[in-house]
1. Using 0.36 nm per residue, how much length does the chain from S114 to V5 gain when fully extended, once their Cα-Cα distance is taken away?
2. Can you compute log10 of I(q)/I(0) for the chain with the Debye formula, treating each Cα as one identical point scatterer, at q = 0.14, 0.20, 0.24 Å⁻¹?
3. Calculate the FRET efficiency for D72 and R45 from the Cβ-Cβ distance with a Förster distance of 22 Å, rounded to the nearest 0.05.
4. Can you tell me, using C-alpha contacts under 8 Å and at least 6 residues apart, the relative contact order of the chain as a whole percent?
5. Take each of the peptides 13-21, 92-100, average the number of other beta-carbon atoms within 10 Å over its residues, and list them starting from the highest.
6. Cut-off under 26 Å on the C-alpha distance; same-chain residues fewer than 8 positions from K43 excluded. Which lysines are left, in chain and number order?
7. Let's test the formula: R0 of 22 Å, r as the Cβ-Cβ distance of S17 and S62. What FRET efficiency results, to the nearest 0.05?
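Readers should treat all values here as calculations from the given coordinates under stated rules, not as data from a laboratory. Note that the structure is a prediction, hence the values are computed from the model and not measured. Don't worry about glycine lacking a Cβ; one is built from the backbone with ideal geometry, like all the others, and counts go over all protein chains shown.
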Amino acid sequence: QVQVVESGGGLVQAGGSLRVSCAASGNILRSEAMGWYRQAPGKQRQLVTGISSGSSSSYIDSVKGRFTISRDNAKHTIYLQMNALKPEDTAVYYCYADINGRRYWGQGTQVTVSS
C-alpha cells in the first residue's frame with residue numbers, strides 16, 4: 001500500500017510566501033510524476049504544477065514565476081514554494097503521486113491568502 005501525505009499550508013497575507021510538502025511512503029517500486037492540483041470554492045480542481053522523476057517541471061500560466069516545485073527522489077517527497085501569493089491562490093491544494101503505475105492522492109491542505 002502507498003500513502004501520500006501533505007504538510008504545510010495555512011493563512012498568509014497577499015504578497016507573502018508559503019511552502020507545502022508532499023511525501024509518499026509505503027511499498028514504492030517505481031515513482032514517476034508527482035505534482036499539485038488545487039480546488040477553490042465553487043470551482044473545478046485544476047492542475048497547478050507537476051514534476052517528473054527526472055525533475056522536469058511545468059506550471060499553469062497564472063503561477064509561473066511565483067511558484068517553484070522541487071523534488072527529493074530519495075525521500076519520495078516534493079515541495080511547492082509559493083511566493084507573491086494572491087487571494088486568487090486560495091484553495092485546497094491536493095498532491096498526487098504516480099507510483100507503481102497508478103495515481104495516489106493526498107488528503108489536501110488549505111492555503112488561504114488574505115487581501
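1. 36.7 nm
2. -0.52, -1.02, -1.41
3. That gives a FRET efficiency of 0.30.
4. Values: 285 pairs, mean separation 42.5, N = 115.
About 37 percent, as a whole number.
5. Averaged packing, sorted descending, gives the order 92-100, 13-21.
6. Qualifying lysines at Cα under 26 Å: K64, K86.
7. On the way: r = 17 Å, r/R0 = 0.75.
Calculated transfer efficiency: 0.85.
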